[in-house]
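The values are calculated or read from the model by the stated rules, or taken from the named source; none is laboratory data. Computed from a predicted structure; not experimentally measured. Counting neighbours? That spans all protein chains shown, and the Cβs are built from the backbone with ideal geometry, glycine included. Areas reflect the complete protein model, heavy atoms only, side chains present, ligands, DNA and RNA absent. Shrake-Rupley method; radii C 1.70, N 1.55, O 1.52, S 1.80 Å.
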Amino acid sequence: MRFWLTLSLSLFIFAGCTTQAPEPYTPSTYNVSTSMKKAPNQKNTSTYPGSEKPLAKTTTPSSSSKITEAQSSSAPVTIDNTITSTTIAMATPTPSTTVEQPKQPISSEEATSSQETDTSVATLEPVRAASMPKPLNDDSTIIKIAVLVPQKTIKKYAITSVNSVIAYLLYKNYYFDLNVFNTGDEREDSIAKALSDIKAGGYHYIIAPVTADGAQIIANNVQDTFVFIPTLNRSNVRSAGSNIIFGGIDYDQQIALLATKANDRVGTFEDGSSLSYQLNGLIKKNSNHVFYEKRVENSKMNYKQLFKGNSSLNNATLYLNTPLVTSSLIASQLRANGINPYMLLSTQINYNPLLLSLTQYEDRDQMYIANSIQKAPPSLEEINALFGHDIVYDWVNYSTSVGADYLCQQFFDGKISRTFKENISGNQVTYNTSLYQPGRNEFIRAN
């Protein structure tokens, strides 16, 4: 009997030890927060107009074996980035603060005891936090600014332009009401509807990052409200009233300044865009010695075939009227194929810190870039950085900040000093353009 009992217990223990352990839990990768379906015809806003094509949207299949039937049959999902036409910011200044603690009465016995136990401790003075400046306006004089954005046209700047305005108003500590009106496109009826809503809302000023087509429609429909257009130069629009102010870069001024570094043998690279076509025309205006023109429509072309044995480019001034990546490849491949140009020149389009990492120092040793962005207050740069963009290298965001600064001065009837020193002449922001050389780790001013 004892034998059979022992054998039974042994078999029971052996069976328990060999039981298969449950598989570890594998969480599903299905993201509930992105399950909202995309709006019809909506485009992604992650790329700048004229840059690379947006990456294809993909969804990660669920790794869980227990995913529900509803999840497994769901269509691919994307995040909706559409800006709705609504009040996105209404802010009032924060009162000044202090870290000083309220003083508590101390009895004479406690004071005597404290002095006896430690006579070497210095008296601690309360530390006050820096108080914010007193606001110049209040609820009765709130600044009302409308931002008109055709998101499908200007893409990422639909968001960054709005954030640039908010950053400036927060920096100045103003009472403000900011409303965004997303027209989607630049059709006349879309813009006219937004302008009607802006007028009905009683907004004092309009900031509109638009193209030349949108700017002309605005100019034809708005005569009694100040409008600032940060994306265009005055020369890009046929006709506009005195109420329309333009903040776009003056490429004519930049090319004229770059031409002072050129010799009498000039070549150009362009990508087929309207901007590069415009820049080529300005180069020919400033030089009668353009002997070489080459279109580079993408960064995947055969540069070896283009440059190998092309000795005519030696000792020539070459303008890079191409996007950042293409310009970097051209500069690198010239040196890789034994070509030594006299000078490499570029406008604002390549004033970007990525140029320093996309090229080697020897590739850009004889390169000059025109830049119209001036130094902004560090606090304003930091606030913009909190929104995920900058006004240090991005001229559209910088121009938008200049426009907000100018409009606020108009609101206060010139009683405040402007943060930015650019003058407004002939309905156009006049920029102080300088030449910079891309050094080893930074852009170095050359004039």
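Scanning the range 294-316 finds no residues that are β-branched (Val, Ile, Thr) and modelled with pLDDT of 95 or more.
When Leu170 is tested against (1) under 13 Å from Thr400 (Cβ atoms); (2) within 19 Å of the chain's Cα centre (by Cα); (3) of a type in the set (A, V, I, L, M, F, W, C), exactly one condition is not met: (1). When Thr322 is tested against the conditions (1) modelled with pLDDT of 95 or more; (2) within 25 Å of the chain's Cα centre (by Cα); (3) of a type in the set (Ser, Thr, Tyr); (4) surrounded by fewer than 22 Cβ atoms within 10 Å (Cβ to Cβ), the lone failure is (4). When the residues of the range 272-316 are filtered to those that are farther than 28 Å from Ala256 by Cβ, part of a helix (DSSP H, G or I) and not hydroxyl-bearing (Ser, Thr, Tyr), the one that is most open to solvent (accessible area, probe 1.4 Å) is Gln305. Pairing residues of the range 356-367 that are assigned by the TED database to the domain that holds Ile330 with residues that are hydroxyl-bearing (Ser, Thr, Tyr) and assigned to a loop (DSSP other than H, G, I, E, B), at Cβ distances under 8 Å and at least 6 apart in sequence or on separate chains, gives Gln366/Tyr342.
Of a type in the set (Asp, Glu), open to solvent by 50 Å² or more (accessible area, probe 1.4 Å) and under 24 Å from the mean Cα position of the chain (by Cα): does that describe Glu422?
Working: of a type in the set (Asp, Glu): yes; open to solvent by 50 Å² or more (accessible area, probe 1.4 Å): no; under 24 Å from the mean Cα position of the chain (by Cα): yes.
For Glu422, the condition - of a type in the set (Asp, Glu), open to solvent by 50 Å² or more (accessible area, probe 1.4 Å) and under 24 Å from the mean Cα position of the chain (by Cα) - is not met.
Under the condition of being surrounded by fewer than 21 Cβ atoms within 10 Å (Cβ to Cβ) and either touching a Cys at 6+ places or on another chain (Cβ under 8 Å) or among the hydroxyl-bearing types (Ser, Thr, Tyr) (or both), the residues counted in the range 331-358 number 3. Might you let me know whether the range 332-346 holds any residue that is within 24 Å of Tyr157 (Cα to Cα) and not assigned by the TED database to the domain that holds Ile166? Among the residues of the range 332-346, at least one is within 24 Å of Tyr157 (Cα to Cα) and not assigned by the TED database to the domain that holds Ile166, which makes the answer yes. Elements of the type helices (runs of 4 or more DSSP H) sitting completely within the range 330-447 and holding at least 2 residues that are among the polar types (S, T, N, Q): these cover 378-386, 395-411.
Matching residues to (1) modelled with pLDDT of 95 or more; (2) in contact with a helix residue (DSSP H, G or I) (Cβ under 9 Å, 6 or more places away or on another chain); (3) polar (S, T, N, Q):
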site	(1), (2), (3)
Ala194	yes, no, no
Ala208	yes, yes, no
Ala215	yes, yes, no
Gln223	no, no, yes
Val227	yes, yes, no
Asn236	no, yes, yes
Ile244	yes, yes, no
Gly247	yes, yes, no
Gln254	yes, yes, yes
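Taking the criterion of being touching a Leu at 6+ places or on another chain (Cβ under 6 Å), of a type outside the set (A, V, I, L, M, F, W, C) and either open to solvent by 30 Å² or more (accessible area, probe 1.4 Å) or at negative phi (or both), would at least one residue in the range 230-237 satisfy it? Break it down stepwise before answering.
Initial filter on the range 230-237 (touching a Leu at 6+ places or on another chain (Cβ under 6 Å)): none.
No.
Whether a residue is farther than 14 Å from Val227 by Cα and open to solvent by less than 30 Å² (accessible area, probe 1.4 Å) was assessed, and Ile166 passes this test. Could you please let me know if Gly267 is in contact with a helix residue (DSSP H, G or I) (Cβ under 9 Å, 6 or more places away or on another chain), outside any strand (DSSP E or B) and in contact (Cβ under 8 Å) with a residue 12 or more places away in the chain? So Gly267 fails the test.
For Phe269, the conditions (1) modelled with pLDDT under 95; (2) open to solvent by less than 30 Å² (accessible area, probe 1.4 Å); (3) farther than 30 Å from Ile145 by Cα are fulfilled apart from (1). When Asn384 is tested against (1) surrounded by 17 or more Cβ atoms within 10 Å (Cβ to Cβ); (2) touching a Leu at 6+ places or on another chain (Cβ under 9 Å), only condition (2) is not met. Of the residues Ala259, Ala158, Ala219, Ala240, only one is under 24 Å from the mean Cα position of the chain (by Cα) and open to solvent by less than 40 Å² (accessible area, probe 1.4 Å); which? Checking each option against the conditions leaves just Ala158.
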